[in-house]
Amino acid sequence: MIISCSLSRSCLLTCLVGTVFAACTSRDSGDLAKAESVTTPASQRMAVVVSTLNNPWFVVLGESAAKRARELGYEATIFDSRNDPAQEASHFENIVASGYQAILFNPTDADGSIANVRRAKTAGIPVFCMDREVNATDVAVTQIISDNYSGAVAIGQYFVKLVGKEGKYVELLGLTGDNNTWNRSKGFHSVVDRFPGLKMVAQQSADFDRAKALEVLESVLQANPEIDAVFAGNDAMAMGAYRALVAADKADKVRVFGFDGADDVVKLIAEGKIAATGMQFPKVMAQTAAESANSYLKGERNFPKKIPVAVELVSQDNVRKFGDYGRK
């Protein structure tokens, strides 16, 4: 088990659902998390369960949720599921047994995570999903998620504007069990599929992982050396794709489009090395989850099943307005 700890500057962000403050959490060992579960009163604790901490975007999501929970007066512990449903289930068992008051949850799998949320609900622990959803409407109190489809539509439109109505492209998919993967893909294809001259030469999963994306695109380039663009379902994969193109001496010929709003990609957009991304505002989702949990614990019960957060296109035209996982 990994528990994160670092300090970062405060950041005020106005978006669809409110104001966000920058991340601050603590990094420590799994043993300390267990010790805290014994010594800290349950009425003052929130668990933050994140799909992976092997991606800076999810680190920001988890740390921001924990930071806001602490600002509201709770102890907060981050649990890293390492993209492993079994590890996630183990975390939920520990959280339920330890008597946490609420769970701020970023699922590993839309279907596979339902049982974990139901287990917490049965134990009387409310769950608030953030960024990723579960395919059930009766287990989580609410689900705070990006409008992935509309965000990908905007990227598709910008893709056609830059690439044109003819060309060859590769699509890198995320985790196949995550609804975000398919909502982004469907939104993107709702635009580009209108143009028969745009040919998708390969569509493969790289699990939202930078290293896997690099390997996948390297393999694809061997069979399809002449491509014009890559659409990656998240920015980690966009970075992996970009590195593969650099290694193949094609980075200045192939346009890369991502999704997330990760700082490293935003910086490369400013440098003209990556074409665009969709800013998801992880801090907004994290803050909203923590504040919703706090309201629930104080008696509020009127929550929408889903709270959508708008995604904004980030390109060279407006990149100076963005940074630190949101608007400047």
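Averaged per residue, the chain has 40 square angstrom of accessible surface, using a 1.4 angstrom probe with ligands and nucleic acids left out. When a/c is below 1.5 the answer is rounded, else prolate if a/b is larger than b/c, else oblate, so apply that to segment 155-231 with a ≥ b ≥ c taken from the square roots of the Cα gyration tensor eigenvalues. In terms of gyration-tensor shape, oblate. With 27 Å as the limit on Cα-Cα distance, the pairs of LYS67/LYS305; LYS212/LYS306; LYS165/LYS283; LYS212/LYS253; LYS186/LYS212 that go past it are LYS212/LYS306; LYS165/LYS283. By its C-alpha gyration tensor, with a ≥ b ≥ c as the square roots of the eigenvalues, how is segment 181-328 shaped: rounded for a/c under 1.5, else prolate for a/b larger than b/c, else oblate? Judged from the Cα gyration tensor, segment 181-328 comes out prolate (a/c at least 1.5, a/b above b/c).
Relative protection proxy for 220-228, 237-245, from highest mean packing down: 237-245, 220-228 (other beta-carbon atoms within 10 angstrom). May I ask you to list the residues of segment 125-159 whose amide nitrogen lies under 17 Å from a point 7 Å from Cα along the Cα→beta-carbon direction of LYS186? Those under the cut-off are 132-137, 145-156. Antiparallel beta bridges, as assigned by DSSP with both residues in the chain, represent about 25 percent of the total such bridges. Between ASP252 and ARG194, the simple label model (points 7 Å from Cα in the Cβ direction) yields a spacing of 3.4 nm.
Remark: spin-label model distance GLU93-ASN224 equals 4.3 nm, labels positioned 7 Å along the Cα→Cβ axis. What is the sum of charges, Lys and Arg at +1 and Asp and Glu at -1, for the other residues whose Cβ falls under 15 Å from the Cβ of GLU88? Neighbourhood net charge equals -4. Peptides 45-54, 114-123, 312-321 ranked from most to least packed give 45-54, 114-123, 312-321, packing being the mean of other C-beta atoms within 10 angstrom over each peptide's residues.
Roughly speaking, to the nearest percent, how much of the chain's 1.4 Å accessible area is carbon and sulfur? List each step's numbers first, then the result.
Working: 6320 of 13140 Å².
Using a 1.4 Å probe with all protein chains present, the chain comes out at 48 percent carbon and sulfur.
Here are several values of Kirkwood radius over Cα pairs in Å: (1) 19.9; (2) 20.5; (3) 19.4. Which one was derived from the coordinates shown? Computed from these coordinates, Kirkwood radius over Cα pairs in Å corresponds to label (1). A helix-only calculation puts the chain at -12500 deg cm²/dmol for mean residue ellipticity at 222 nm, using -39500 (n - 2.57) for each DSSP H run of at least four residues, averaged over all residues.
The values are calculated or read from the model by the stated rules, or taken from the named source; none is laboratory data. All values derive from a computational prediction rather than experimental measurement. Please note: Cβ atoms are built from the backbone with ideal geometry, for glycine as well, and neighbour counts cover all protein chains shown. Quick note on the areas: whole protein, heavy atoms, side chains included, nothing else; ligands and nucleic acids left out. Shrake-Rupley method; radii C 1.70, N 1.55, O 1.52, S 1.80 Å.
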